Amino acid sequence: MGPHPAVAAIRLAVRRVLHDILNDLPAPGDGHPATVGHPGRTAERPPSPLVPSPASSSAPPAPPLVLVACSGGADSMALASALAFEAPKLGLRAGGITVDHGLQPGSDLRAEEVALRMRGLGLDPVEAVAVDVGRDGGPEAAARDARYAALDAALERHGAAAILLGHTRDDQAETVLLGLARGSGIRSLSGMAAVSGAGGRYRRPFLHLDRQTARKACMVQSLPVWDDPHNTDPAYTRSRLRHEGLPALEKALGKGVVEALARTAQLSRDDADALDAWASQAEASVRDAAGRLECAKLYALPPAVRRRILRRAAIEAGAPAGSLFARHIEEVDRLITGWRGQGAINLPGRVVAQRQGGRLVIRQG
C-alpha cells in the first residue's frame, strides 16, 4: 500500500523540483559527462562553482546540498518532510534553515524547536538564524526582506545548490490579488515564480498544490505544526485577504477562485516575460550614440514596451525596484507622450527624470 494521497502529492512535487535542480547543476571536475543522482543516466554539464573538483582534493566531492526554509507551519513542515524523504534517493544532501524574526515573545525558543524537528526528520545541516527586522516598506515587507537576506547568506555559507520554499497555490492567489489591488501591472499579477533569485536559487515546489494538501500531509504523518498568530492577525493585509477577502470572493463567485487566480498568475507571467524580452531588444534602438534615451523613438514604441524601458532605466539610475510603482512610471511616461514643458519628475531613491533637448535624462538628483 502506497503513501496517503496528500503525502504522495507533496513528494512528487519535491521529486520533480530536485530533478530540475540536478539538471541545472554543473558537473564536478573538468566538464566531462558526469552522473549525479541519476543511476544509469549521464548528462554533460560545465564545471560547478558549488562542488569541488576531484582533481583539487583526494577526498570525493560532497553531494550537492538542498536546503528548505521552514517556519514550522504546515506548508514548510510538509516540504521539509518530503525533502528529507526524496533527497537521499537522488544522491542529494538535505538541510534546513528557520528564521527567527524576533517579532513575538519566545520566538527564539520557537525557532530552536523548529530546528529540532527538522533534525528529527534527518535534515543536516540545520540552522536557526535570528534577524533584525527594519521598518522600510511596512512590517510585512521588512520581515520578508530580512528573511530573504538571511536565506541568501545561509545558501552562500553552506554552498547549497538551492533553497526550497513552501508557498502554495493559495499563497499564489493571495499574491495576485495584492498585486491587483496595488495596480502595479501585469508583472505583479504574475505572482511568485516557481524558480527565482540569483542563479535560480529559490524553488517553489508547491505552487500547484493547495494549502489543505500540505496540512493533510502533516496530519497523516503525525508532524507537529505551528500556526503563526500573525497569519490570523487582521493588522496584516495578507491575513485580512486570507480570512476575509478570498472567502468573500468564493461566496460571491463560487468555488474555484483560487485555482483561477493561480492560472492568471501563470498566464500573466508568460505575457510579462515576452514583453520584457521585447523591451530588452528594443532598448538599444531608442538610445543615441551617447547612450541617451531619444523621446521620439520611445514614443513610437507600444506603451507596455516603452514603460518597461523607462522602469529599467530608473532602476539603473538608483531607484529601488520595490519602491518604484506604476504611478511613478506613468508620470515619467508623460514626459514622452504628453510633453507640455513640465518639470522634472522625482522618483524613489533620489532619482530624477526630465526631458532635455528631445532626450529623456534619468539620473541621481
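Taken together, the values in this text are just the output of simple stated rules run on the coordinates, not laboratory data. Keep in mind it's a predicted model, so treat the numbers as computed, not measured. For neighbour counting, all protein chains shown are included, and Cβ atoms are generated from backbone atoms with ideal geometry for every residue, glycine included.
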Gap separating the Cα centres of the range 268-329 and the range 147-170, nearest whole Å: 30 Å
Paired Rg and Dmax values of the chain, which use every Cα atom, in angstrom: 23.3, 75
Sequence ranges 333-346, 158-171, 257-270, ranked by mean other-Cβ count within 10 angstrom, highest first: 158-171, 257-270, 333-346
Contact order relative to length of the chain, as percent, for alpha carbon pairs under 8 angstrom and 6 or more apart: 13 percent
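Using the Cα centre of the range 287-364 as the reference point, and only Cβ charges (+1 on K/R, -1 on D/E), how large is the resulting charge dipole? Debye, rounded to the nearest 20.
40 debye
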Rounded, prolate or oblate (a/c below 1.5 giving rounded, otherwise prolate when a/b exceeds b/c) for the range 287-364 by Cα gyration tensor: rounded
Equivalent ellipsoid, the range 176-274 (semi-axes from 5 times Cα gyration tensor eigenvalues, Å): 24, 20, 14
Stretchable slack from Asp227 to Glu331, in nm (0.36 nm times residue separation minus alpha-carbon distance): 33.2 nm
